[in-house]
1. Which numbered condition in (1) open to solvent by 30 Å² or more (accessible area, probe 1.4 Å); (2) part of a helix (DSSP H, G or I) is the only one that residue 102 fails?
2. Quick one: which of 85, 100 is over 20 Å from residue 47 (Cβ atoms) and at pLDDT 95 or above?
3. Would you confirm whether any residue within the stretch 51-71 is more than 26 Å from residue 107 (Cα to Cα) and open to solvent by 60 Å² or more (accessible area, probe 1.4 Å)?
4. State whether one or more residues within the stretch 29-43 are polar (S, T, N, Q), modelled with pLDDT of 95 or more and within 18 Å of residue 94 (Cα to Cα).
5. Give the residues of the stretch 36-54 that are among the hydrophobic types (A, V, I, L, M, F, W, C) and either without any contact (Cβ under 8 Å) to a residue 24 or more places away in the chain or not in a helix (DSSP H, G or I) (or both), sorted by residue number.
Amino acid sequence: MTDIHKELAEALFELERELRALALWDEEPPAPDALASTQPFAVDTLELYQWLQFVFIPRLYRLVEHRMGLPASCSVSPMAEEYFRPRPESGEAVIAVLERIDILVTSAP
């Protein structure tokens, strides 16, 4: 596993840990049609934390597991900032991890 893949795997584990700490982790996946959304972040069918749990994290884990190339860019943290702004819980830790993931993916060779 390359260093970038290892760092990304660690960041994904941390992201899951932070979402669980905020009780933003579902035991059951959403309906298949909710996951089939074509909107960015599936905003029409999922909460951001659900998209992170059921779409973003699994996709990146697959890339890490198979040591595949990473996307040319990643910019999820700004969406998280918007998502957490009106919410009662602080999303600072989640946003910080997503910023790290954005940097790791974008700076990958």
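The values are calculated or read from the model by the stated rules, or taken from the named source; none is laboratory data. Keep in mind the model is a prediction, meaning the values are calculated, not measured. Neighbour counts are summed over all protein chains in view; Cβ atoms, including those assigned to glycine, are modelled from backbone coordinates with ideal geometry. These area figures cover heavy atoms from the full protein model, side chains too; ligands, DNA and RNA do not enter into them. Shrake-Rupley method; radii C 1.70, N 1.55, O 1.52, S 1.80 Å.
1. Of (1) open to solvent by 30 Å² or more (accessible area, probe 1.4 Å); (2) part of a helix (DSSP H, G or I), only one is false for residue 102: (1).
2. Criteria check complete, one pass: 100.
3. There is no residue in the stretch 51-71 that is more than 26 Å from residue 107 (Cα to Cα) and open to solvent by 60 Å² or more (accessible area, probe 1.4 Å).
4. No, there is no match, as no residue in the stretch 29-43 is polar (S, T, N, Q), modelled with pLDDT of 95 or more and within 18 Å of residue 94 (Cα to Cα).
5. 36, 42, 43, 46, 51, listed by residue number.
Yes/no per residue for (1) buried (at least 16 other Cβ atoms within 10 Å of the Cβ); (2) of a type in the set (D, E, K, R); (3) touching a Pro at 6+ places or on another chain (Cβ under 9 Å):
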site: 12; (1), (2), (3): yes, no, no
site: 15; (1), (2), (3): yes, no, no
site: 21; (1), (2), (3): no, no, no
site: 25; (1), (2), (3): no, no, no
site: 33; (1), (2), (3): no, yes, no
site: 40; (1), (2), (3): no, no, no
